[in-house]
1. Do we have any residue at all in the range A:36-45 that's modelled with pLDDT under 80 and either at the interface with chain B (Cβ under 7 Å from one of its Cβ atoms) or surrounded by 14 or more Cβ atoms within 10 Å (Cβ to Cβ) (or both)?
2. Considering the range A:477-495 alone, what residues qualify as being touching a residue at least 60 places away in the same chain (Cβ under 8 Å) and under 20 Å from residue A:621 (Cβ atoms)?
3. For the range B:18-42, how many residues are over 13 Å from residue B:82 (Cβ atoms) and not acidic (Asp, Glu)?
4. Quick check on residue B:319: is it away from every other protein chain (no Cβ under 14 Å), farther than 24 Å from residue A:34 by Cα and in contact with a His (Cβ under 6 Å, 6 or more places away or on another chain)?
5. Assess whether residue B:242 counts as being among the small types (Gly, Ala, Ser) and either under 20 Å from residue B:215 (Cβ atoms) or within 14 Å of chain A (Cβ to nearest Cβ) (or both).
6. Which is modelled with pLDDT under 80 and either within 23 Å of residue A:371 (Cβ to Cβ) or of a type outside the set (Gly, Ala, Ser) (or both), of A:772, A:742, A:706?
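The values are calculated or read from the model by the stated rules, or taken from the named source; none is laboratory data. Remember, predicted model here, so these are calculated numbers, not experimental data. All Cβ positions, even for glycine, are placed from backbone atoms using ideal geometry, and neighbour counts span all protein chains on display. With ligands, DNA and RNA removed, areas are computed over all heavy atoms of the protein, side chains included. Shrake-Rupley method; radii C 1.70, N 1.55, O 1.52, S 1.80 Å.
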Amino acid sequence: MATNLNLPSSNVQAADASALAQELELLRAQNAKLKKINQALIERVEAAGSASPYAAFQHAATLSEQVRERTALQQQALAQKSLLLQHTVDNLAQGVALADPSGVFQLWNQQFSQLTSLSDEQLAQPIFAEQLLLQSVIASLCLPAGTAQDLVANSAVTGAVVDGKVLTLARYQLSDGSTLFTLTDVSEQHSYTETLRASERWIRTITDHIPAMIAYLDADLCFRFTNQGYDDFYGVERGALLGMPISAVHQASALVQLQPHFQKVLAGQSTVFEIDENNSAGETRCLLKSYVPNLASHFVGDLKQDTQPLGFFVLIRDITERKQSSAALQQANLMLEQRVLERTQALSEVNQQLLQAKKIAEQANQSKSQFLAAISHDLLQPLNAARLFNATLAEQTSNAKSLQLVDSTARSLENVAQLLATLVDMSRLEAGVQQVELSKFSLGRLLQDLVAEAQPQAHQAKVTLRLVSTKLWVQSDVTLLSRILRNLLSNAIRYTPAGGKILVGVRRGRASQAESLIRATSRPSSALGSQASWLSVQVLDTGVGIAEDDQAIIFQEFKRLVRPTLQKQLEKRQANSEVTSKLPSDLANDGLGLGLAIVKKTAALLGHAVHVRSQLARGSVFSVELPQVHQIASVAADKAAQLSTELLLLKPFAGTHIWVVDNDLAIITAMQALLTQWGCSVISAQSERELLSLIKDDPSPDLLIVDQQLADGETGTELAKALSNRFTNAAAKHANVRIPPVLVISAENSADLRAELASLRFHFLPKPVAPVKLKALMMNLLGQVSAK
Amino acid sequence: MPVFRSSTNLRDPQLAAAELTSSLLAQAAAEPIGFVLFFCAADYALPELADALKNSFAEVQVVGCTTAGEISQVGYADHSIVALGFARGHFQVASICVTDLAQFDLIKAQQVVEQLKRQAGAVSGQTFVMTLLDGLSAQEELVLLALESALGAIPHFGGSAGDNHQLRRTHLYFQGQFYTQAAVMLMFQTTLPFAVFSTQHLTAGTDKLVVTSASPQSRVVHELNAEPAALAYADLLGLSVAELDATVFALNPLAVRIGQEYYIRSIQKVNADLSLTFYCAMANGMVLTAMQPGDMLADLANKLNQLTPALGLPLLTIGCDCVLRKIEVAKLALAEPAAELFQKFKVLGFNTYGEHFNGVHLNQTFTGVMLGDGNLLAKPSVTGHGN
């Protein structure tokens, strides 16, 4: 230690002792001082830490020194920390700024100045700038005006900046009075939030539009979700139920009903039930409620464990209408069954009535047929007899005058027969009992026969009748078609003056087209080949014609056209007749005016259309349309066609043995006379019994002729069948005896009968029996016999 | 304004108190005053003054002490009273008067600090502690050490009361009464930024004196370098003992070095036996360094200027200024510039018989606290304010 002691210099050059002694004294004194100083210093050093005031000072000073040093270190560390903090803050994605209690920004990072577009100089203004800065921040964030005031401590606002960023400005109050602001770019969260919000909106929209009530309740029976339907049903404001207990919508009594369902669903089981509840309008509605538990699952190890439900989902459907309509449907069903039952009953009654009516109609029809059959039989029987007698008479008379009378009689009888046949035909048509027997046959052959048949009549009337031959075949009823054409021919002859012409021909195609062809005669007929499935049989005359007005009525019954020409015709015929007669033969038919009516009705029955085209004083064309068919080869048909034209020689049957059975004595007599005339030996009887008594041992005839209608309900077929046993036996006994053919004669000419006869191999002739036809048949039958 | 300043030269205690009160209340029209601190010349009629202040300020808590000179708005002053008002909105001040200084140990100190903290309550902001001590009690070192130990990191400053160089009795005012042999401890909680500081302008010379005989309890040094202390001190300065006076002491201070610091040990007086009485604790073996004075005002201005950037505009600087510094200023005729400096930094305070800084008893320093308005030049830095 350097001291500044006032030591004497060691100038000891002075040699005198006193000086030396003085110097010694000085040194001693100095030494003593130094010793003392030394002592004091030692004391000081050793006394350090004692409780003296100076020690306290020394201690405090040392302490202070240490504190200073420590503080310096701390400040250094603090500065370093600050630097670190500054770096950290600068590297934050958030903008951060700190304002002191007076509102002046103390600190901010780069992000804050970037996001607010405020320079460091602007932010550093030493003024109470917080509000000002907030305004500019808020302006740059496009936040609504007034947000600065709304932005209270510890709150945040979000807004978008121009470049599409979304920022959140938050304000935090710190404990020392300063304020921390943060600016966060929340664009991503924002869009995510927006997406979430949008999907939440969607879900809400969907659930709100589902026509059902949807809710979710937690385990404490508090609402956590309700949809629009739910709120509407209970008449609460939208969303007002959230957080409310279930008792907010149900009264205690209703809750008691629901309680078991709550327990069930909160035990983890779904439950569905129906319940009646009143809606907000007070109407009672039937609700179908479903409670589904929200089972929270968690995993313990690999085991999934179900815990208590967190709550449950409620789905309610209003099934009031459904129930009502279901009930109504059931009611309707019951009603329907009832009505079906009633209708069925009504229908069966009607059916019954119809059946009854049909039965009555059938009965009526039956009786009409029987009546007609009886009438024709009863009328034709004597006529037949008369004709047979007349035929016999003609053969026995050689006197010319008598022969003329017989001939007249025969013609009159023929006319009467025709007249009767016409009347019966008409009646049959009228009664609807006329039966149609369709067959395929050669139209040409038929027309030939008919024209040949009418030729004498035409000759008599001095009218030229000509046929254009054809090879076509048709399908129709031969008899009925013949009747139609005969009527047309006889009409044509009747209404055609002497010297006129009649042409019969066939055209392919329908009559309407055929007519047009008649007009355009130059046109070749082959032009219609394509439509050849239909034919028109036409009868053209150059007669008086029919006025257009009259064309419709000529087909009506009992309508005749009376005109001068007719009178003239009558005069002409009378003049031509060599025999004076009050009733010309053909006028009997004319008088009735049934010809064209029969044509029309018969054609309708056959399905053949009949057309007429006519001009007064020029002539008429009558057409019958009928279907064409392909030709079929048939010998039988040819033969049948030849029958009427072949006449046989007298007495061709000499020695022929014939049995005749008929209940009408006049017929038997006439028949016996005729057959005897032809050289036959005849046994005739009126009944089976009489026959059996007459024939005695005679085993069999060459021919058996029986009338179908016998007395006492017996029929010719029954009799013939009975006799055929006898014939069979006889044939077995005698080698020269053969089974005779059987000819049945009947006024009834039905298909049933003919079918029956055909099956029995019996032959048939209709009444009245024309002698020519009988002879032809007999020749055929007995010829076969003789051939053997 | 959160702090209000006033002073009076009126000698009549009643009038003086009235003037101070009206001045403070006029300034504090908008903000109620929660606490008043005053420094008064020791030559007032203290009992009367006590009554007058008690009546004038009524409910407001008032603390003060006698001085060896005041620093008012006009600079150094004498025979006056300076009073400071603290707005309730910015300050919460807790105060405790300790009368039994000899018994003030660490335990006591801890109790006092706890009590102060409770009183100061939960006002936000920061805390500093100010101590006012009887400047002639010779208990400063022990009391301050105990207090410092209890305060921990809380900044602390203070001053020892004076008595106008009479060196007889110094007083502390607390709850309407003046005390001796006592200490008043104040805990300030404030929202304002502040800095506690201490500065001195002396530099170490080369001459050393070793205390070879001293009475530690009475702060008397009998011998320096084994010679009568006054003689040794006068020899060092090249003066006769008779020439030694307060001005010489002020201009030629001695200091003790602890660690890196030199702590001034100011001489109070020369005794008849050529011993020296000091303002602070002395002990045998202390090595005293003769100090060279520098430019006191420049040093102070420099220190105060260092503080302002962190505090903003100074609202108030409470200065505990050593009585010897006032003597130096007077001797060097620096009163004018000193006043200017004080006005610039809003310095009010008093001349002490010793300063307190973070538990250390100092001499011949300017120690105090500066309160700023906090309206700083903000800058982009996280470095906070304070200190």
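1. For the range A:36-45, residues modelled with pLDDT under 80 and either at the interface with chain B (Cβ under 7 Å from one of its Cβ atoms) or surrounded by 14 or more Cβ atoms within 10 Å (Cβ to Cβ) (or both): absent.
2. Residues satisfying the conditions are A:481, A:483, A:484, A:485, A:487, A:488, A:490, A:491, A:492, A:494, A:495.
3. Residues that pass the stated criteria total 14.
4. no
5. no
6. After applying the criteria, what remains is A:772.
Here is a yes/no grid of residues against (1) within 11 Å of chain B (Cβ to nearest Cβ); (2) modelled with pLDDT of 80 or more; (3) closer than 30 Å to residue A:186 by Cβ; (4) not in a helix (DSSP H, G or I):
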residue	(1), (2), (3), (4)
A:78	yes, yes, no, no
A:83	yes, yes, yes, no
A:88	yes, yes, yes, no
A:92	no, yes, yes, yes
A:101	yes, no, yes, yes
A:133	no, no, yes, no
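Okay, residues lined up against (1) modelled with pLDDT of 75 or more; (2) exposed (fewer than 12 other Cβ atoms within 10 Å of the Cβ); (3) more than 30 Å from residue A:265 (Cα to Cα):
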site	(1), (2), (3)
A:161	no, no, yes
A:199	yes, yes, no
A:211	yes, yes, no
A:226	yes, no, no
